[in-house]
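The values are calculated or read from the model by the stated rules, or taken from the named source; none is laboratory data. Not measured: the values here are computed from a predicted model. Cβ: placed from backbone, ideal geometry, glycine included. Neighbour counts: every protein chain shown.
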Amino acid sequence: MKKRYVCMVALLWWSICAHAAFDFPAYSARHAALSNSYLAAPGRDGFLLNPALSANAAGFYAALNYSRLFNLAELRYTNGIFSLPLRDWGVGASVESFGGNLYSETRITLNAARVMLSDRLSAGFSAHLYRISVENYESTGTVGVSVGLLYSL
């Protein structure tokens, strides 16, 4: 029984480090500290997880982040984010890159969100451009859409 328990814990521990394609690690230190549970947090860079959050941005925000996972150059993650409130609207954009020369993923996001119903409801929309490239293979890309809602009780 003890051996089975140790195997389960080991498998769970190793699976924490596995990321699917375009499942980027935490976007910022704040996201990492909250274990990426940022879907309703009132932060300025939250629109990457919930497109409706940019509507509640308090002011102009810009950030650049860089990390080397496990201190390996092939596992570097970089991103640049900005968001800007415009009356009842919020707009944002981000560029993210993961990988190195052998394998790389890039995602570009454009976001717009609007506050409705006297600041209780926010709705947002993000358009994504995904690009993946593997050495000795053709690069490929696609587009994606995210829609988000936030209702304050």
Inset, instruction - Find the strands (runs of 3 or more DSSP E) located wholly in the stretch 20-137 whose residues include 3 or more that are among the small types (Gly, Ala, Ser) and modelled with pLDDT of 90 or more, and list them. - result: 89-99, 103-116, 121-134
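Residues are listed down the side, and each one gets a yes or a no for (1) more than 17 Å from the chain's Cα centre (by Cα); (2) surrounded by fewer than 16 Cβ atoms within 10 Å (Cβ to Cβ); (3) of a type in the set (Lys, Arg):
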site: Leu69; (1), (2), (3): no, yes, no
site: Val91; (1), (2), (3): no, no, no
site: Tyr103; (1), (2), (3): yes, yes, no
site: Met116; (1), (2), (3): yes, yes, no
site: Glu135; (1), (2), (3): yes, yes, no
site: Ser139; (1), (2), (3): yes, yes, no
Inset, instruction - Could you tell me whether the stretch 63-73 includes any residue that is touching a strand residue (DSSP E or B) at 6+ places or on another chain (Cβ under 9 Å) and over 23 Å from Ile132 (Cα atoms)? - result: yes
